[in-house]
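The values are calculated or read from the model by the stated rules, or taken from the named source; none is laboratory data. Since the model is a prediction, treat every value here as computed from it, not as a measurement. Cβ placement follows ideal geometry from the backbone for every residue including glycine, while neighbour counts extend to all protein chains displayed. Surface areas here come from the heavy atoms of the whole protein model, side chains and all, with no ligands, DNA or RNA. Shrake-Rupley method; radii C 1.70, N 1.55, O 1.52, S 1.80 Å.
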Amino acid sequence: MNNKMKKERRFFSSLYWRISAIFLIILIILSVIYVYISTYTAEMYYQEAIQRLNAEVAPHIVAENQCFVNGEANVDALQDEFHSVMVLNPSIEIYLLNTEGKIITYFAPFSTVILDSVPVAPIKEFINDTTGSFVMGVDPKSGNNMKGFSAAEVYEDSTLMGYIYVILGGEEYEHASQLVFGSYMLRLGVRSMTITLIAAALISLIALALITRNLRKIILVIRRFKDGDINARIKMKSKGEMGEFADSFNDMADKIVSNIEEIKTMDNLRRELVANVSHDLRTPLATIQGYIETIMIKSETLSEDDKKKYLQTIFASTERLKNLVDEMFELSKLEARETVPNPEPFSIAELVQDVQQKNLIIAENKKINLSLDFKYDLPLVYADIGMMERVLQNLIDNALKFTSEGGKITVSLVQQNHNIRLTVSDTGIGIKQESIPHIFDRYQKAERTSTNDQEGLGLGLAIVKKILEVHNILISVDSTEGKGTSFSFDIPVYLKGKTAEKMLEYS
């Protein structure tokens, strides 16, 4: 029951009904304004028509009567004339005014005249007008009401004595006409407003339904997406604002789904990393624990040579454990941008020779030929020398790990314009083509088998890539399965001030 009431409230509070209500209010206001304007226009039309039809009433009265005798108003004769005229036309009221607009006499039955004078400006405008323009004057019986009138000048011996002022549509006539007119306008207004409102409401509701149809589709899809249907998309052919909104939502939904998939992938890779790291940590720890237990249990029977051999094994395992932890810590700092390069000019040839000397004994023990190939007159390069040594060491370690006895590892340096290309190549087991894009990933291990199964996970290549990234340097890989692998990257030549500006950006 509650859900049903909520749905009903949501339905009637929807954008469609809110717009419809606002539109209906606007229609009602416009209808009232329309009725008012129509009424006012009809009243003005009536007043103007009456004035045009009765414009000669005042001139006729002046022509048929001697309004002034010896400078005095001929009141008795005028009253008789006024009465005769109003018998024929009871809707009028007749006034005799002096030249300043003061009322001298009048005939306006059943009511009292409120004003004792009227403005003469409209009277003069009416008399002097030759185009038949509509002019309204003050009604003395109603105060400030403006009505149509007829007027004429009154002379005695060529002297202007005043004006005959005829209100067309007197008070009694106005009362009767207002009753009829009000009833008529009420019926007309109600009918016209009702028909207009019904027609406009139907048209507007249909129009709004068509306009908001796409909006309802969009809202439905958004609700589906919110409820977990991540494949819900807005299908719309419109190219207007609704189309742009639909495209934006679809792009946003695709991005969200992509991010969700990426998070799932990263989560799976992290789990795999934890499993691999756990294995790598467990192996040396198990070795250390096993040999320590052996020494503790058989300490009295073990020879000094055996004890020394066991301690050397324990030491090697702790070194492996320490190296793994150091690699993980170093990679984490690089990924968090906590390690910032300190570039300086140095000889890359000397650095390569130093690293080779450090690894010669290891290579000889594995019966691998570790050689160099470069000219000794190479220019200085500009980078962090410590980080470059780490990169070179990791690449040589990687080559030693995957190169069999009798194999060869070559470190070469070649100048190419303003860069020195460093390449570490081996004749090892190579890498599968589908695995090459993943060999630098922290969370994924490329599918190739080490020549020494005890080497474990290793994060050397991931560290290599991160160090080169903070130097704004790209590394490339060329490998053929069963024949060997080459890693290459370019180090910028030191240009005495320009190198730091052009090539090294910590990002």
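Listed values, structure above:
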read-out: Residue-span extension gain [K298 to K226] - 0.36 nm each, minus C-alpha spacing; value: 19.2 nm
read-out: Computed FRET value (nearest 0.05) for E481 with F315, which takes r as the C-beta separation and R₀ as 45 Å; value: 0.80
read-out: Contour minus Cα-Cα distance for M252 and I219 (0.36 nm per residue); value: 10.4 nm
read-out: Members of K255/K401; K322/K483; K264/K466; K322/K358; K308/K366 lying beyond 30 Å, as alpha-carbon distances in this model show; value: K255/K401; K322/K483
read-out: Summed residue charge, Cβ within 10 Å of I475's Cβ, Lys/Arg positive, Asp/Glu negative; value: -1
read-out: Accessible area of the stretch 262-414 divided out per residue, in Å², using a probe of 1.4 angstrom; value: 60 Å²
read-out: Cut-off 20 Å, label 7 Å out along Cα→Cβ of K375, residues of the stretch 339-358 by amide N; value: 346-353
read-out: Cα-centred dipole magnitude for the stretch 92-161, charges only on beta-carbon of K, R (+1) and D, E (-1), debye, nearest 20; value: 260 debye
read-out: Two-site FRET efficiency, N323 against L205, from Cβ-Cβ distance with R₀ of 56 Å, rounded to 0.05; value: 0.15
read-out: Solvent-accessible area, 1.4 Å probe, carbon plus sulfur percent, for the stretch 23-81; value: 64 percent
read-out: Spatially proximal aspartates and glutamates relative to K237 (Cα-Cα < 20 Å; intrachain offsets below 8 disregarded); value: D247, D251, D254
read-out: Portion, in percent, of the accessible area of the stretch 290-392 that falls on carbon or sulfur, probe 1.4 Å; value: 53 percent
read-out: Qualifying aspartates and glutamates (Cα of each under 19 Å from Cα of K333; at least 8 residues distant if same chain); value: D384, E389, D441, E469, E505
